Amino acid sequence: MKYYILFGPPGAGKGTQAKLLVDKYGFRHVSTGDLLRKEMAKESPLGLKAKSLIEQGLLVPDEVVVGMIKSEIESNPSVPGFLFDGFPRNTDQAATLDKMLESFNQSVTSVISISISDEMVKERIRHRAMLENRPDDTKDEVIANRIKTYHDKTEPVISFYKAQNKYCEIDGVGNIEEIFDKVCELI
Ligand code: ADP
């Protein structure tokens, strides 16, 4: 079983690449952001709790997303692999994922990081706000907070996986097919 992590700032194109990878390889795409948005749409207790944090550009508690990941792994025993998107988002989540996979006698295969500048993050999110109806995509201060959260909490995950020799980075500037070719080469 393969466990890939699609890594990168908000708007880097992880979801777009994930869809193409699912079609080509049959992997299971697990986006913690999408799972949280489903809970929000259902207005479940978890969704309501997540909503206020997400709308401030903050992270939801680790145990919430870790629980989601665990149940996705357990309920999809026969896929060829998983694509985690938006997870792990801090080093505690990365360490917990390692332990969880170890308990299944598995490990992270590699981290595929799509890198773009903060300016491009803002541009892409503004563009996405016109296409999708995400409340966290519309307010400038929320976008700025998400970029700050990415630098403060998520970027340290890079060193975590570099230390394990599992970190690969590609330039996220270019058209979707060009980037997809590079991702496929890595896979
Ligand atoms: P983005 O486009 O900013 O990468 P996502 O759709 O991945 O957005 O996530 C939206 C929001 O959901 C995040 O800003 C965060 O509040 C929350 N979230 C998603 N994944 C996680 C995670 N692994 N840990 C904590 N919070 C998360």
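The values are calculated or read from the model by the stated rules, or taken from the named source; none is laboratory data. Quick caveat: nothing in here was measured; it's all calculated off a predicted structure. Glycine also receives a Cβ, built like all others from the backbone with ideal geometry; neighbour counts cover every protein chain displayed. These accessible areas exclude ligands, DNA and RNA; they are computed on the full protein's heavy atoms, side chains included. Shrake-Rupley method; radii C 1.70, N 1.55, O 1.52, S 1.80 Å.
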Förster radius 35 Å - calculated FRET efficiency between N105 and V173 (Cβ-Cβ, nearest 0.05): 0.35
Those lysines that a straight Cα-Cα span of less than 30 Å connects to K162, excepting residues fewer than 8 apart in one chain: K2, K14, K19, K24, K70, K99, K122, K148, K153, K182
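So for M1, M100, what's the accessible-area order with a 1.4 Å probe, most first?
M1, M100
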For the stretch 91-167: relative contact order, % (alpha-carbon pairs under 8 angstrom, 6 or more apart): 43 percent
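Express the relative contact order of the stretch 28-121 as a whole percentage, based on alpha carbon pairs under 8 Å and six or more residues apart in sequence.
Averaging sequence separation for qualifying contacts and normalising by length gives 32 percent for the stretch 28-121.
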Binned Cα-Cα distance frequencies in the chain - 5 Å width, integer %: 1, 7, 16, 22, 22, 18, 10, 3, 0
Computed accessible area, Y4, all protein chains, 1.4 angstrom probe, square angstrom: 10 Å²
Selected from S75, S107, S115 as most flexible by GNM, with the chain as the system and alpha-carbon contacts under 10 Å: S75
Residues of the stretch 105-173: accessible area per residue with a 1.4 Å probe, Å²: 59 Å²
Longest to shortest principal axis, alpha-carbon extents of the stretch 49-91, angstrom: 37, 17, 17
Relative contact order for the chain, counting Cα pairs under 8 Å that sit 6 or more residues apart, in percent: 34 percent
Within the accessible area of the chain (1.4 Å probe), percent carbon and sulfur: 50 percent
